[in-house]
Amino acid sequence: MKRVAFCTLGCKVNQYDSEAMLEQFVKAGYQPVPFEERADVYVVNTCVVTGTGEKKSRQMVRRAQKQSAQADVVIAGCMAQRDAEKLLAWGVRLVVGNARRGDVVELLHKATGENLSIAAVEDIRRVPFETLNLSGHTGYTRAVVKIQEGCDRFCTYCIIPYVRGGIRSRPVEEIAKEAERMAAAGFRELVITGIHVASYGRDLIGVTLLDALRAACEPEGITRVRLSSIEPVIVDEGFCRALKEMPKLCPQFHLALQSGSDTVLKRMRRRYSVEAFRNAAALLRRYFPGCALTTDVLCGFPGETQEEHEETLAFLREMAFSRIHAFPYSKRSGTPAASMPGQLDKRVKALRTNEVIALGDTMAVDYAKALLNTRQDVLFETAQRDGAEGYTPQYMRVWAQGARPGDILNVKLTHYEHELFLGEI
């Protein structure tokens, strides 16, 4: 039996796409093995959103080639979409962009059968939503459901619209069917994801993100539905009221901030202000008291002054997020920000990023400690020692003695250390 190994970099959408491609390999008779082991086929699903993601993607392709000179290497994802011909020159067997992932096994067999190297990359501006129906996921009790592809925001720093294309929404009927399949496979929680989830339904008639969420909540076996990310522009009274009517929805919301300075947000071409973000956060907290609010911050954007950086730090303190993901700005060739004046020194960007990370670490501890001695329903996922680890609805990690994977148990959170709660059933 031939062996296949996957390495997935980047976002939850890439995780979903990798699961879909892996399922096709398994159906074709391949045995999945860890990426560190010898395999007949290595698939690297790449990321180019940041310089770090792109560097890791290149490293993993090279690692696969070194692990087995006889293996066929497949490169998929955003780097494949952008640099197909360049990647073929690396001696890989197949390059698949952000379309035709459903044909990956067929394309690989064609390439090996004819002893060719193939670049199967479509013009991403002209492809419909590619349905990659899953019947399950590897491990855990959570499953990712992809409802949307592409983005048309064209923020000045972001390469995503160029490598993922415009908005393509998955029909609600298909979302409902996949949710039913995940429930039948034993999954208890669904994570709703996409490239720009807030845009879901804009290319369909009479459909919104709320309809997609209701479809995901419908199956009886699904007990939790979690949103991966939204934007302040869609958060209003009606939206929050509708979310509140979905008892399965987890009280964890990722609102992408990027900067706490209005002048930087304008240069980034973000479509909200600091005040709009503040109002959105206040609404979510009013409808979901104690909810976890997480965010992204891009540090050292071109022209960012020390005063603008201080504005961001002050706004982050005001918002008291439960977690912050901070990244230094990195040039993405072809984006407007790459040619903007005022490109900052790498050292300055690193310093500002580290300040935001340190502040985020403090906030994460503060939020966690506020949950001490409360009782939370925990969905346990993995066996650990003589118990199991899992997550609260706010996505806080908990271990409890006597718990088993798949259990949903009411747990008292008694101790917190190193991003882990100890709990008593």
key: Complete set of residues in region 4-20 that are modelled with pLDDT of 95 or more and of a type in the set (A, V, I, L, M, F, W, C)   = Val4, Ala5, Phe6, Cys7, Leu9
query = Can you name the residue in region 357-378 that is free of Cβ contacts under 8 Å to residues at least 24 places away in the same chain and not hydrophobic (A, V, I, L, M, F, W, C) and, of all such residues, is farthest from Ala326 (Cα to Cα)?
reply = Thr362
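Yes or no, residue by residue, for (1) acidic (Asp, Glu); (2) surrounded by fewer than 18 Cβ atoms within 10 Å (Cβ to Cβ):
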position	(1), (2)
Pro336	no, yes
Ala358	no, yes
Val365	no, yes
Asp377	yes, yes
Arg385	no, yes
Tyr391	no, no
Tyr395	no, yes
ask   = Just checking, how many residues over region 189-238 are of a type in the set (Ser, Thr, Tyr) and touching a helix residue (DSSP H, G or I) at 6+ places or on another chain (Cβ under 7 Å)?
value = 4
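Listed here are the residues, each with its yes/no results for (1) buried (at least 19 other Cβ atoms within 10 Å of the Cβ); (2) assigned by TED's automatic domain parsing to the domain that holds Lys56; (3) not hydroxyl-bearing (Ser, Thr, Tyr).
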position	(1), (2), (3)
Ser117	no, yes, no
Ser135	no, no, no
Gln148	yes, no, yes
Ile159	yes, no, yes
remark   = Within region 383-418, residues part of a strand (DSSP E or B), under 14 Å from Glu189 (Cα atoms) and not aliphatic (A, V, I, L, M) come out as Gly390, Tyr391
message = Looking only at residues that are under 14 Å from Met79 (Cβ atoms), touching a Cys at 6+ places or on another chain (Cβ under 9 Å) and among the hydrophobic types (A, V, I, L, M, F, W, C) in region 1-56, which one is surrounded by the most Cβ atoms within 10 Å (Cβ to Cβ)?
response = Val44
ask   = Counting just the residues of region 397-406 that are buried (at least 18 other Cβ atoms within 10 Å of the Cβ) and of a type outside the set (Phe, Trp, Tyr), which one comes out farthest from Gln376 (Cα to Cα)?
value = Ala403
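Would you say Ala39 is more than 30 Å from Val297 (Cα to Cα), outside any helix (DSSP H, G or I) and free of Cβ contacts under 8 Å to residues at least 12 places away in the same chain?
no
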message = Please count how many residues of region 65-87 are buried (at least 17 other Cβ atoms within 10 Å of the Cβ), of a type outside the set (D, E, K, R) and in a helix (DSSP H, G or I).
response = 6
request  = Could you tell me which residue of region 264-286 is surrounded by the fewest Cβ atoms within 10 Å (Cβ to Cβ), considering only residues that are within 22 Å of the chain's Cα centre (by Cα) and farther than 17 Å from Gly303 by Cβ?
outcome  = Arg271
task = Please verify whether region 237-255 includes one or more residues that are more than 30 Å from Glu220 (Cα to Cα) and aliphatic (A, V, I, L, M).
result = no
Close pairs (8 angstrom Cβ cut-off, 6 or more residues apart or separate chains): among the aliphatic types (A, V, I, L, M) and surrounded by 18 or more Cβ atoms within 10 Å (Cβ to Cβ) in region 413-425, assigned to a strand (DSSP E or B) and modelled with pLDDT of 95 or more anywhere = Leu413/Arg375; Leu413/Gln376; Leu413/Val398; Leu413/Phe421; Leu413/Leu422; Leu413/Gly423
query = Counting only residues that are touching a Phe, Trp or Tyr at 6+ places or on another chain (Cβ under 8 Å) and not hydroxyl-bearing (Ser, Thr, Tyr), how many does region 7-23 have?
reply = 3
note = Taking region 385-399 and keeping residues touching a Leu at 6+ places or on another chain (Cβ under 7 Å), farther than 12 Å from Gln252 by Cα and not basic (Lys, Arg) leaves Gly390, Val398, Trp399
request  = Among the candidates Glu178, Glu189, single out the residue that is of a type outside the set (A, V, I, L, M, F, W, C), within 16 Å of the chain's Cα centre (by Cα), more than 18 Å from Gln81 (Cβ to Cβ) and buried (at least 20 other Cβ atoms within 10 Å of the Cβ).
outcome  = Glu189
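The values are calculated or read from the model by the stated rules, or taken from the named source; none is laboratory data. Since the structure is predicted, the reported quantities are computational estimates derived from the model, not experimental observations. Glycine also receives a Cβ, built like all others from the backbone with ideal geometry; neighbour counts cover every protein chain displayed.
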